Amino acid sequence: MCFLQETYSTEDPENLQLWKSQWPGEIYFAHGSIHSRGVAILIRKGFDFELNSLRSDEEGSYLILKANIQDVAFLLINVYAPNITTKQSLFFQTLSDIIAVNEPSAPDCKILLGGDFNVTLDPALDCLGGNPVLNKSVKFLEDIMMENDLVDIWRIRNPDSKKFTWRQKSPIIQRRPDYWLIRNTLQED
């Protein structure tokens, strides 16, 4: 599986045909525009994957798939959060509500929440240069993590590492706004 953000995908048949010519498996989209947003989840051909439902927003900011993977219930959530703090707070609140409604009833449901959150969870470890601040909207993301027993798996496996997924060259500013938040029980699998 691959989670992509900023796909700039549209519902245009030529655009979709181009995507399908590049990926032989299944592709699920939340389209943005040719200039912004858009997320996609790519599923490898032959992967033991059964889609149960799909939910996306019209802005191309999230895509949620309820699926069975190797006969286990999963909720796959790909996000490209807004970069304005006030919009982030509303986005994370909405996402929390959607997760609560869409989580399969099985208590052992696995959740994978990944993407570009446009926030950093720990300014000391996830920021370098500039003036790192903890956005107010992070509280809403932390609530999602607590409510759903989600952990930042990369940080757990790399507790002191300073690696970044976003860079600005001049002046040099680096951030890690991209996360894989997984249900804690997945660490055992």
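The values are calculated or read from the model by the stated rules, or taken from the named source; none is laboratory data. It should be emphasised that the depicted structure is a prediction, and the values quoted were computed from it without experimental measurement. Neighbour counts are summed over all protein chains in view; Cβ atoms, including those assigned to glycine, are modelled from backbone coordinates with ideal geometry. Just so you know, the surface numbers come from the protein's heavy atoms only, side chains and all, with ligands and any DNA or RNA stripped out. Shrake-Rupley method; radii C 1.70, N 1.55, O 1.52, S 1.80 Å.
Ala73 meets all of the listed conditions (1) surrounded by 18 or more Cβ atoms within 10 Å (Cβ to Cβ); (2) under 17 Å from the mean Cα position of the chain (by Cα) but one, namely (2). Checked against (1) closer than 24 Å to Pro82 by Cβ; (2) without any contact (Cβ under 8 Å) to a residue 12 or more places away in the chain, Ala100 meets all criteria but (2).
Here's a check for you: in the range 93-142, which residue that is among the charged types (D, E, K, R) and more than 16 Å from the chain's Cα centre (by Cα) is surrounded by the most Cβ atoms within 10 Å (Cβ to Cβ)? The qualifying residue surrounded by the most Cβ atoms within 10 Å (Cβ to Cβ) is Asp126. Restricting the range 24-50 to residues that are surrounded by 12 or more Cβ atoms within 10 Å (Cβ to Cβ) and basic (Lys, Arg) leaves a set whose member that is nearest to the chain's Cα centre (by Cα) is Arg37. Met1 fulfils the conditions (1) surrounded by fewer than 21 Cβ atoms within 10 Å (Cβ to Cβ); (2) under 20 Å from Glu147 (Cβ atoms); (3) in contact (Cβ under 8 Å) with a residue 60 or more places away in the chain except for a single criterion, (2). Has the range 167-180 got any residue that is β-branched (Val, Ile, Thr) and in a helix (DSSP H, G or I)? Looking for residues that are β-branched (Val, Ile, Thr) and in a helix (DSSP H, G or I), one finds none in the range 167-180, hence no. May I ask you to verify whether Leu181 is more than 19 Å from Leu76 (Cβ to Cβ) and not polar (S, T, N, Q)? It is false that Leu181 is more than 19 Å from Leu76 (Cβ to Cβ) and not polar (S, T, N, Q).
Among the numbered conditions (1) in a strand (DSSP E or B); (2) on the phi > 0 side of the Ramachandran plot; (3) free of Cβ contacts under 8 Å to residues at least 60 places away in the same chain, the only one that Gly115 does not meet is (3).
Screening the range 143-159 for residues that are assigned to a loop (DSSP other than H, G, I, E, B) and at pLDDT below 95 and picking the one that is least open to solvent (accessible area, probe 1.4 Å) gives Asn148.
Sub-7 Å Cβ pairs linking a first residue in the range 42-67 that is at positive phi to a second residue that is modelled with pLDDT under 95 and open to solvent by 40 Å² or more (accessible area, probe 1.4 Å), at least 6 apart or interchain, are Gly60/Arg37, ordered by first then second residue. Can you name every residue in the range 4-23 that is in contact (Cβ under 8 Å) with a residue 12 or more places away in the chain and open to solvent by 100 Å² or more (accessible area, probe 1.4 Å)? Result: Glu11, single match.
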